[in-house]
Structure formats: structure tokens, C-alpha cells
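Data block below; observations after.
Each value in this text was obtained by applying a stated rule to the coordinates, not by laboratory testing. All values reported here derive from a predicted model rather than from experimental measurement. Every residue, glycine as well, gets a Cβ built from its backbone with ideal geometry; the counts of neighbours run over all protein chains shown.
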Amino acid sequence: MNAKEIRELFPILHQEINGHPLVYLDNAATSQKPRSVIDAINHYYEWENSNVHRGVHTLGSRATDAYEGAREKVARFLNASSAQEIIFTRGTTTALNLVASSYARSVCGEGDEIVITPMEHHSNLIPWQQVAKATGATLKYIPMQPDGTIEVSDVEKTITERTKVVSVMYVSNVLGVINPIKEITAIAHRNGAVMVVDGAQSTPHMKVDVRDLDCDFYALSGHKMCGPTGIGALYGKKALLEAMEPIEFGGEMIDHVDLYDSTWKELPWKFEGGTPIIAGAVGLGAAIDFLEEIGLDAIDRHEAELAGLAYDRLSEIDGITIYGPREGRVGLVTFNLDDVHPHDVATVLDSDGIAVRAGHHCCQPLMRWLEVSATARASFYLYNTEDDVDRLVSSLIKTKEFFGHAIG
Amino acid sequence: MQLDDLYRRVIMDHYKNPRNRGTLEDEAVTINLNNPTCGDRISLQMELEDGIVKQAKFTGEGCSISMSSASMMTDAVKGKTLDKALEMAEKFSGLMKGEPVEFDEYEDLEALSGVNKFPARIKCATLAWNALRKGIESSK
């Protein structure tokens, strides 16, 4: 794949920020959108917009086809058994909350365990804290190695026969590590627990096969994978989803409504109360088409190369600390520069047209584990190039000089 | 965008040599405030007596803007009446909105006027002042 050619397909990337060509390195927060995704959303609103699953009229059918067609694409993309196993949600957060509120609350009780890791994003941590508080279950953490990786032997020790739910991020949004999800899933299953995977950071960057992983639930966000904001999906094994109660009630999700009782539609619609995010789903479908055309393996290789290069080049800067291992990571590098606070780093980089994230990355427990209050993060995607790494490195050297001089 | 507009020498001096960094006795009014979006954190302590800010100290962690602002704020309000301190907080809000504000009482504060051009950093500069407001309100 040719990143420079791919870059041409993203309108937003062709602008100057503070007098410099934009270098967008905040892809782990949200990715940019290719022309084809923007066009698909426009086309939907210009030619197909209508409510789904109810209109007898032609537009109603077009909208329904577009919406359900997108679901088919997500199912195929994840290698799910059927589109019935794909619930559209607002994003990963909503998907994980659905599993926590519906599944976990119904199976957890006093003495049961929920197992997660200290590197989880708040969206895969707080829902489980809340389940633990409400049900009396215990929240347990798989310990981390000093380099931020997880040892399978520690997983073996943490998950027990009392464990009902294990939930782990496939890829860390801070450390960039790829967790051994398949192995963790096998251990969870051996102990009778279900496996939930936070796929927010993995789905955009690597091939995901939920049947190969054998996970029970898998959550993703559209906006991190070239799709629009406000759309995501939850994959769940059909038998589990069928046994689960909806957590949102209203239009679209019912079969029969009486004055005092109601029944639900079949999967997946019983979990999609209210008018769904139709244009968002259409945009997500277009994003999947786009990513598949380029190929996830090619994207994965390109990002690994950039991350390796960035890791090495940044390491050469005196006073830089990089978090997470060099190997086995996706395309992001989280770092700190001497005593310069990451906000100040991000401001200087921004003045050079470079967008990075600074802060706790919605991972406060992980920041405490790293013994820092905040970090800066450069995260790459398919349109980033070696030139972007060069620009990042020279701007960081400038930052160091600027603050070295200013603080003295 | 000129970095020197933001990172003026006065700011860097307060960042490097913070005034009033430390803690007061337990009976002092204590306000802990976070900036949840970025993780900046301040603990402001004040001795408020007879309607006057007798003493103000802070601890915390954050960027050069939030920490220098805390240093300036504590210095600026020390010895002032509560009403005067609140008036200065109000003036500081104006400064952040780009209004032409002068601080005759404590000119260093004017160095933070450049923050206005960096919208993402305004919340860094206002953290300490928000803590001041909360502290005075809680004492009423």
C-alpha cells in the first residue's frame, strides 16, 4: 500500500494548521474520514433517508436495506456467524455498558468475580466497578509486567471457577501492546466465564476474527476506523444475546405491547430501541469497504513499520521516556519529554501543525501504575508517512530546546 | 501562532519558582480540584479570617500554565478581602475571554492574557481561580 496515495483520499488532511501542513497523529482518539465515507453519508441523506423497519414506502425500504446492509458488512468484517450477532450501538462504551448492565448484572452475585486489567480504558473499567458494587461481585485485576505486557501465567492465577466475566482490551490505547486475547479467552472458558473484548483500538488496525478468538462479546467504535462518530457495534454469541434482556425500551425493539406487559423483537433488534443511527451505520459500512479494499494486513504492516521507526527515532532524543514494549505493539507511541508537561509538549507540537494527544487518555489507573500524571501520545494510521515521523521528531527537539531555554 | 505569546517569561518564572507552594494547618479551607479531561490537579488551602484571605498555599501537578496560574493567583489574592478576591476572579475570566483587563494589584497576571489565543489551554489557567471561588463560597 502507498500511504501517500491513501492520504489523498482524506480531504481534511490537506490543510495548514498554524501555518504548517497538518500532521495528524491523534488517530487512537479518532481517525479521519476518507471521501468515500463522507460521500456515503451524504448519499444516504440525499437519496435514502427514511426511518427503518416501518415504512411501506420506497424510501423506507432503501433506508432499511442500507442499514441492514451495513450490519451484514460488520458481521463479515468480524467473521461473525450471522448479522443477528451484531448490535449497533453508539460506540464501544455503549456496547460494553450493554454487556455489563444486561449480561453481567444478571449472572453476577456475592462471591463471584469479574476479571479485568489495570490498563483498561475507563469504558472497560467503570461498567465493571458498577456491576461489582451492585451485585456484590469482586473486581479482580490481572497483574502487568514492568513493560506493560500480560503474562498468560498471571491470567491463569487470576481467573478462577468463581469468575463470571473476563473483560480485556485487545490493544492498549496507551501502551500499544496487543494482549493475548485468544489465550485469555481459553482460560476464561475453561473456568466457565464469558470473555468480553474491548476492540476499540484493535479493529481499526488489524484483522479481527471473533470466531477464531472465540470471545463471547466484542465491542468496537466506528469513528476510530474511518467511520463517523456515534456508531459502533457489539458482537455477541447468539445464544448469549438471546438469553439477555434489553436495557433500553421503546420503539423499534418490541414485538407486542400490552397495557401491562410487552415482548421483544428477535435479535438483533431487541437491543436497538428507538430510531437507530442509520446514517452512522451506512458510514461505518463504507468505512469497512474502504479498509477491506486496502487490506487490514497491509494497514497493520504499515503501522508497525511507522511505530517501530517512531519508537527508535524518539528513543534517540535525550530525556524522552517511552511507555510500553518496543515489540508486539500497534502504531502508537506514548511518551514524556524530560520535565516538560505533556500539555506543553502538545501545544508546541500544535504550533508546528502536529496533532497529538496529551493527558491521561481515559486511563487514570494505568497512569498511576506508570507513576505519571499524564503522557503525550502519537498514534498513526494508514495515511501517516515517514515524513510525519520526521516532523514529529524535529518538533520534539524544538520543544525540548524551547522549554530547556524557558525553564532553564 | 506565536509560542512566546503563551509562554511568557513571567509565566515560566512562576512555573520554575512557584510562590506559595505548600500546605497550611488542617483548619484551613481546603479545596481539591481536578481537571478531569487532562488530569491536572490542584489542592488550594486558604486561611480566611475577618473576610480577608490571610494566607493561601497550593500543591498539585499540571502543566506550566496551570501551575504558574496557581502561583500567581495565590500571590495575588493574599491579603485581599473576599469580595476583592472574587472580583479579581471575575476579571481573570474576562482576561481569558480576551477582554482588555488590567491587574494593577498584581501585574504578573496579565502575562496569562496570551492563553486566550490557545482555547485548549484556558481550562489550565482557570483551574486555580475556580478553586479560589469554591473555597470562598464554601466558607460563606
- Message: For B:Thr37, project a label point 7 Å along Cα to C-beta. Then give me every residue of the stretch A:1-28 with its amide nitrogen under 17 Å of that point.
- Response: A:26
- Going by the alpha-carbon gyration tensor, a ≥ b ≥ c the square roots of its eigenvalues, is the stretch B:83-133 rounded (a/c under 1.5) or, if a/c is not under 1.5, prolate (a/b greater than b/c) versus oblate? oblate
- Whose amide H sits under 5 Å from the amide H of A:Gly232, counting only residues 5 or more places off or on another chain, with H placed in the peptide plane? A:Thr89, A:Arg90, A:Gly91, A:Gly222
- Message: If I fit a long axis through the Cα atoms of helix A:296-315 and take the longest principal axis of the Cα atoms of chain A, what angle between them do I get, 0 to 90°, rounded to 10?
- Response: 30
- Note on the structure: For A:Lys265, the lysines lying under 16 Å Cα to Cα, once residues fewer than eight places off in the same chain are dropped, come out as A:Lys238
- Message: Taking 8 Å as the Cα distance limit and 6 or more residues as the minimum spacing, I'd like the relative contact order of the stretch B:3-139 as a percentage.
- Response: 29
- Note on the structure: Links exceeding 18 Å between C-alpha atoms in this model, out of B:Lys80/B:Lys134; A:Lys400/B:Lys16; A:Lys33/A:Lys224; A:Lys140/A:Lys164; B:Lys84/B:Lys134; B:Lys54/B:Lys97, come to B:Lys54/B:Lys97
- Applied in sequence order to the stretch A:235-248, the curve 6.51 cos²θ - 1.76 cosθ + 1.60 (Karplus, θ = phi - 60°) yields integer Hz couplings, x standing for Gly and Pro, of 8, x, 5, 3, 4, 5, 4, 5, 7, 8, 8, x, 10, 10
- Message: Quick check on the stretch A:237-303: what does the Kirkwood estimate of hydrodynamic radius come out to from the alpha carbon pairs, in Å?
- Response: 14.7
- Item | Within straight-line cross-link reach of A:Lys133, aspartates and glutamates at Cα separation under 14 Å, skipping those fewer than 8 residues along the same chain | A:Glu110, A:Asp112, A:Glu113
- Task: Could you tell me the distance between the Cα centroids of the stretch B:22-75 and the stretch A:18-79, to the nearest Å?
- Result: 47
- Nearest 10 degrees, 0 to 90: what angle lies between the long axis of helix A:386-407 and the longest principal axis of chain A (Cα atoms)? 60
- Expressed as a whole-number percentage, the relative contact order of chain A with C-alpha contacts under 8 angstrom and at least six residues apart is 23
- Query: Can you list residues whose amide H is under 5 Å from A:Glu113's amide H, if they're 5+ apart or on another chain and H is modeled 1.01 Å from N?
  - Reply: A:Thr138, A:Thr163, A:Lys164, A:Val165
- Item | Charge dipole of chain B about the Cα centre (unit charges at C-beta), most positive-ward option of B:Asn20, B:Ser68, B:Met46 | B:Ser68
- Mean residue ellipticity (222 nm) of the protein assembly as shown, computed from DSSP H runs ≥ 4 via -39,500 (n - 2.57), nearest 500: -12000 deg cm²/dmol
- Task: Give the cross-link partners of B:Lys78 among the aspartates and glutamates, using a straight C-alpha distance below 12 Å as the criterion and excluding same-chain residues fewer than 8 apart.
- Result: B:Glu47, B:Glu49, B:Glu105
- Task: Could you list the GluC sites (Glu not before Pro) in the stretch A:33-127 that lie in coil according to DSSP, counting only those with at most 14 other Cβ atoms within 10 Å of their Cβ?
- Result: A:Glu110
- Förster-model FRET efficiency, 30 Å R0, A:Glu401 and B:Arg21, C-beta, rounded to 0.05: 0.70
- Note on the structure: Counting only DSSP loop positions in the stretch A:130-165, the GluC sites (Glu not before Pro) whose Cβ has at most 15 other Cβ atoms within 10 Å are A:Glu151, A:Glu161
- Message: Spelling out what I want: for every residue of the stretch A:203-219, take phi, set θ = phi - 60°, compute 6.51 cos²θ - 1.76 cosθ + 1.60 (Karplus), and round to whole Hz; glycine and proline get x.
- Response: 3, x, 10, 8, 5, 10, 10, 5, 6, 5, 5, 6, 5, 8, 9, 9, 10
- Message: Could you tell me how far the Cα centroid of the stretch A:111-126 sits from the Cα centroid of the stretch A:288-360, in Å?
- Response: 26
- Task: Only Lys, Arg, Asp and Glu count, each charged at its Cβ (+1, +1, -1, -1), so figure out the dipole size of the protein assembly as shown about its Cα centre, rounded to 20 debye.
- Result: 400
- Between the DSSP loop rule and a limit of at most 14 other Cβ atoms within 10 Å, which trypsin sites (Lys or Arg not before Pro) in the stretch A:297-338 are left? A:Arg326
- Note the full-extension length gain between A:Glu248 and A:Asn79 as 0.36 nm times their separation in residues minus their Cα-Cα distance, in nm to one decimal. 58.2 nm
- Message: Under the rule of at least 5 residues apart or a separate chain, name every residue whose amide H is placed under 5 Å from the amide H of A:Asp214.
- Response: none
